[in-house]
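The values are calculated or read from the model by the stated rules, or taken from the named source; none is laboratory data. Because the structure is a prediction, the values reported are computed rather than measured. Here the Cβ positions follow ideal geometry from the backbone for every residue, glycine too, while neighbour counts run over all protein chains shown.
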Amino acid sequence: MAHPKQQDATGGQAEPACSAARRRWLFGAARLAGGMAAAVSLPAAAQGAPTPAMPIFDAHLHYSHDAWERVPPKDAVALMRQAGLRRAMVSSSSDEGTQKLHAEAPDLVLPVLRPYRTRGEIGSWLRDESVIAHLEARLARHRYVAIGEYHVSGEDADLPVVRRVVQLARERRLALHSHSDADAVERQFRQDPSARILWAHSGFDAPANVRAMLRRHRNLWCDLAFRSDHALVDGQRGKVEPAWREAFLEFPDRFMVGTDTFTPERWFYVVEHARWSRMWLADLPPEVAEAIAWRNGERLFSQAWGAAQR
Ligand SMILES: [Zn+2]
């Protein structure tokens, strides 16, 4: 079995962390080690963020067991607030991480239920019937906006465990956060045409294919986590790659941004990711930028969450 780090959000792709990004993470780590108070009190201008900063709905965070050991809940929440996150969807291996973070900041964290109890289950969960009992037990105990993020591709999406996950989401009116190729997305929609699927990383697919999928499925939304091909950022200026611009303008209501903290050190990138997102989003018409930055996530997930709370 491959190393979990390779199996996770990268979908087998090489880590695109250029040395500049790595330096930023290390910088963030050093600042955190130096005390959260100092990091939080840094003026926005010192971080290159425009003021007032546009809110960000981060649709793709994980707070797994090794993360909460290195970045305790208070520090993780401080990073989220420093980033200017309005809300974030969080799923973790195990779910305890999500619950810890939600307890620390119920206004900020939208819990998402991951089938994985540990990192090592990314490949094995598909054929592990005990995953279902785990999900049912958590669903009986806690509230969630979605089930995911889980990894499945091709015909594996028709395995009994995945079918049951799609069914559970339908019964509970939850969305699915699926790290999949287009084929696995199609199969899940065939199982439940009324499913609501958030397609993690937009399937690492090309913008033309993503648009074709969005045209076919009204209940499909896409996160842009852990990819950078849509943004051409140079220093303080950002541009949107032309093929992606067409996708965003055709479907302004279907995209969201996300950091994907699939390793603990990615937590120190949450602030930088929000800043970087604002930079390329500024190249879009303001209403499209706002939709992708936070309004789509709010409309789809926060409103339903808030309505159910009342
Ligand atoms: Zn992920």
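Yes or no, residue by residue, for (1) touching a residue at least 24 places away in the same chain (Cβ under 8 Å); (2) not in a strand (DSSP E or B):
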| site | (1), (2) |
| --- | --- |
| Arg218 | no, yes |
| Cys222 | yes, no |
| Asp260 | yes, yes |
| His273 | yes, yes |
| Glu287 | yes, yes |
| Leu300 | yes, yes |
| Ala304 | yes, yes |
| Ala307 | no, yes |
### Query
Scanning for something surrounded by 19 or more Cβ atoms within 10 Å (Cβ to Cβ) and within 16 Å of the ligand (Cβ to nearest atom), does segment 278-293 turn up at least one residue?
no
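Scan segment 262-271 residue by residue and report those that are outside any helix (DSSP H, G or I) and over 27 Å from Met213 (Cβ atoms).
Thr263
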### Task
Go through segment 247-267 residue by residue and tally those that are within 21 Å of Asp234 (Cα to Cα) and more than 16 Å from the ligand (Cβ to nearest atom).
1
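Every residue in segment 206-231 that is of a type outside the set (A, V, I, L, M) and either within 13 Å of the chain's Cα centre (by Cα) or within 16 Å of the ligand (Cβ to nearest atom) (or both), please.
Answer for segment 206-231, where residues must be of a type outside the set (A, V, I, L, M) and either within 13 Å of the chain's Cα centre (by Cα) or within 16 Å of the ligand (Cβ to nearest atom) (or both): Trp221, Cys222, Asp223, Phe226, Arg227, Ser228.
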### Task
Taking Trp221 as the residue in question, decide whether it is touching a strand residue (DSSP E or B) at 6+ places or on another chain (Cβ under 7 Å) and at pLDDT below 95.
no
### Tally of residues being at pLDDT 95 or above, crowded, with 18+ Cβ neighbours inside 10 Å and either part of a helix (DSSP H, G or I) or not β-branched (Val, Ile, Thr) (or both) across segment 56-72
7
### Message
Condition first: exposed (fewer than 14 other Cβ atoms within 10 Å of the Cβ) and assigned to a strand (DSSP E or B). Now tell me which residues in segment 224-250 satisfy that.
### Response
Asp234, Arg237
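For the structure I just gave you, tell me whether Asp158 is of a type in the set (Asp, Glu), within 28 Å of Ala307 (Cβ to Cβ) and touching a Lys or Arg at 6+ places or on another chain (Cβ under 9 Å).
Criteria not met by Asp158.
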